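Below: the structure, in structure tokens.
The values are calculated or read from the model by the stated rules, or taken from the named source; none is laboratory data. Please read these numbers as outputs of a predicted model, since none were measured by experiment. In this analysis, Cβ positions are derived from the backbone assuming ideal geometry, glycine residues included, and neighbour counts consider all displayed protein chains.
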Amino acid sequence: MKFEKVHTIRDIYDGIRTGTADLSGAPHYIAAVFDDGIGDYTQDYRLYAVSTQFMEREFRWWAIYRSWEAKFHRGLEPLKTHPGHGGIVPEYDELGEWLDEQLKALMPISALYTATFRALPGQDKLPPGVLRA
């Protein structure tokens, strides 16, 4: 089994639902497939190739979130300062709006991909609760 790098996680609920990850070394937006028959997400993902410009902005958006996340789990920031609430970090809001617009125009790769995720080593100093991406 070949593992590829996950770059960002945009949505997580009982597993990674959306984010960005490599496929054959190239970055892609990933979106978990929802199965109406079972009323839940599957292990399958749709992949969408993304541009360098998309990834540059996605990395900045992710860095803003990760900075807040580490502070929150160390007790340095309250939940009400979460950048996703809007109006907290203008740059985060602007990046998110741009990225969301780009996502609407992406075309999926025809095949579905099954994913197994694992945390990268060297993250033991992160406070409890922080995503191990």
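Look through the stretch 1-11, keep the residues that are under 25 Å from A105 (Cβ atoms) and assigned to a loop (DSSP other than H, G, I, E, B), and return whichever of them is nearest to the chain's Cα centre (by Cα). Step through it out loud before you land on a result.
Step one: of the stretch 1-11, the residues under 25 Å from A105 (Cβ atoms) are 4-11.
Adding the requirement that they be assigned to a loop (DSSP other than H, G, I, E, B) leaves 4-5.
Values: E4: 14, K5: 12 Å.
Taking the candidates together, the pick is K5.
Out of contact with any strand residue (DSSP E or B) (no Cβ under 7 Å at 6 or more places or on another chain), modelled with pLDDT under 95 and surrounded by 16 or more Cβ atoms within 10 Å (Cβ to Cβ): which single residue out of L126, L95 fits that description? Outline the logic, then answer.
Details: L95 fails: modelled with pLDDT under 95.
Testing whether each residue is out of contact with any strand residue (DSSP E or B) (no Cβ under 7 Å at 6 or more places or on another chain), modelled with pLDDT under 95 and surrounded by 16 or more Cβ atoms within 10 Å (Cβ to Cβ) leaves just L126.
Does the stretch 9-55 hold any residues that are more than 25 Å from G84 (Cβ to Cβ) and touching a Ser or Thr at 6+ places or on another chain (Cβ under 6 Å), and which are they?
Initial filter on the stretch 9-55 (more than 25 Å from G84 (Cβ to Cβ)): 23-26, 35-39, 42-44, 49.
Across the stretch 9-55, the qualifying residues are D35, Q43, D44.
Of the residues D14, D22, D44, only one is in contact with a strand residue (DSSP E or B) (Cβ under 9 Å, 6 or more places away or on another chain) and in a loop (DSSP other than H, G, I, E, B); which? Can you show your working first?
Values: D22 fails: in a loop (DSSP other than H, G, I, E, B); D44 fails: in a loop (DSSP other than H, G, I, E, B).
Criteria check complete, one pass: D14.
Kindly list, by first and then second residue, each pair from a residue in the stretch 32-43 that is farther than 18 Å from I9 by Cβ to a residue that is of a type in the set (S, T, Y) and not in a loop (DSSP other than H, G, I, E, B), limited to pairs with Cβ atoms under 8 Å and residues at least 6 apart or on different chains.
Close Cβ pairs satisfying both conditions: D35/Y41; D35/T42.
Any idea which of (1) part of a helix (DSSP H, G or I); (2) surrounded by 15 or more Cβ atoms within 10 Å (Cβ to Cβ) is the one S67 doesn't satisfy?
(2)
Could you tell me which numbered condition L23 fails, if it satisfies all but one of (1) without any contact (Cβ under 8 Å) to a residue 12 or more places away in the chain; (2) under 23 Å from T116 (Cβ atoms)?
The number of the failed condition is (1).
Looking for whichever is farther than 21 Å from Q102 by Cβ and either of a type in the set (F, W, Y) or surrounded by fewer than 19 Cβ atoms within 10 Å (Cβ to Cβ) (or both) here; the options are Q53, Q43. Which one fits? Step through it out loud before you land on a result.
Details: Q53 fails: farther than 21 Å from Q102 by Cβ.
Within the list Q53, Q43, the selection yields Q43.
Any idea which of D36, D100 is at pLDDT 95 or above, surrounded by fewer than 16 Cβ atoms within 10 Å (Cβ to Cβ) and within 13 Å of the chain's Cα centre (by Cα)?
None of the other options fit; the residue is D100.
Touching a Lys or Arg at 6+ places or on another chain (Cβ under 6 Å), of a type outside the set (A, V, I, L, M, F, W, C) and either closer than 15 Å to V6 by Cα or without any contact (Cβ under 8 Å) to a residue 12 or more places away in the chain (or both) - does that describe any residue in the stretch 66-80? Reasoning before the result, please.
Filtering the stretch 66-80 for residues touching a Lys or Arg at 6+ places or on another chain (Cβ under 6 Å) gives 77.
Next cut, of a type outside the set (A, V, I, L, M, F, W, C) only: 77.
Add one more test, that the residue is either closer than 15 Å to V6 by Cα or without any contact (Cβ under 8 Å) to a residue 12 or more places away in the chain (or both), and what stays is 77.
There is at least one residue in the stretch 66-80 that is touching a Lys or Arg at 6+ places or on another chain (Cβ under 6 Å), of a type outside the set (A, V, I, L, M, F, W, C) and either closer than 15 Å to V6 by Cα or without any contact (Cβ under 8 Å) to a residue 12 or more places away in the chain (or both).
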